[in-house]
Amino acid sequence: MSNFWGKLFKKKTDSEEGWVYVGQTDEFLVYYDDLTIINRDLKQINVWIKIVFTNKGIKSLINDRKNQGLDITNWNKLSHRRDKHLYDYDNYKFKILDGAHYSLSGEILDFYDTNNESNIEWINILPESRGDIILIKLLEDYNIERQ
């Protein structure tokens, strides 16, 4: 996929019930669940992220899957994906704990479940990446300051 992580911009559009709009590119729109859990003692944010794909995003994802030799059956009916993220906001890192891709009818096209959070390594959040844009929005919305 082209450099789309850095192309998120903060233009408000209609959001779905329970989901807070974060930003969008020409390939997808990003939301976070308003039932976000903040642990200020551990300086962590546990949140579900929803990525709604545009036609361009679906085509790009299908091409990526083809190139990796992965199954693309029914992927032309892709609607969105949901991932559970855990952010360590002081160290500017995150983990993807669970997630799934869903079709327009709600069918799960693929999923991953880590079963054990401690087995997942922290990922550094790069400037202007999707993780950066999401974390900045969460910190602003929940009035959290990093140390």
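Of the conditions (1) surrounded by 13 or more Cβ atoms within 10 Å (Cβ to Cβ); (2) without any contact (Cβ under 8 Å) to a residue 60 or more places away in the chain; (3) under 20 Å from Thr54 (Cα atoms); (4) among the hydroxyl-bearing types (Ser, Thr, Tyr), Ser105 clears all except one; give me its number. Here Ser105 meets the rest and fails (1). Set side by side, the residues Tyr87, Tyr112 differ, and just one is at pLDDT below 95, among the hydroxyl-bearing types (Ser, Thr, Tyr) and in a strand (DSSP E or B), which is Tyr112. Taking the conditions (1) within 23 Å of Ile123 (Cα to Cα); (2) crowded, with 16+ Cβ neighbours inside 10 Å; (3) within 14 Å of the chain's Cα centre (by Cα) in turn, Ile96 satisfies each one other than (2). Annotation: of all residues in the range 108-146 being touching a residue at least 60 places away in the same chain (Cβ under 8 Å) and acidic (Asp, Glu), the one that is farthest from Asp71 (Cα to Cα) is Asp141.
All of Asn39, Asn63 fail the test of being modelled with pLDDT of 95 or more and among the polar types (S, T, N, Q), apart from Asn63.
Can you pull out every residue in the range 129-147 that is surrounded by 14 or more Cβ atoms within 10 Å (Cβ to Cβ) and in a loop (DSSP other than H, G, I, E, B)?
Just the residues of the range 129-147 that are surrounded by 14 or more Cβ atoms within 10 Å (Cβ to Cβ), to begin with: 129-139, 144.
Of everything in the range 129-147, those that are surrounded by 14 or more Cβ atoms within 10 Å (Cβ to Cβ) and in a loop (DSSP other than H, G, I, E, B) turn out to be Ser129, Ile144.
The values are calculated or read from the model by the stated rules, or taken from the named source; none is laboratory data. This is a predicted model, so every value here is computed, not measured. All Cβ positions, even for glycine, are placed from backbone atoms using ideal geometry, and neighbour counts span all protein chains on display.
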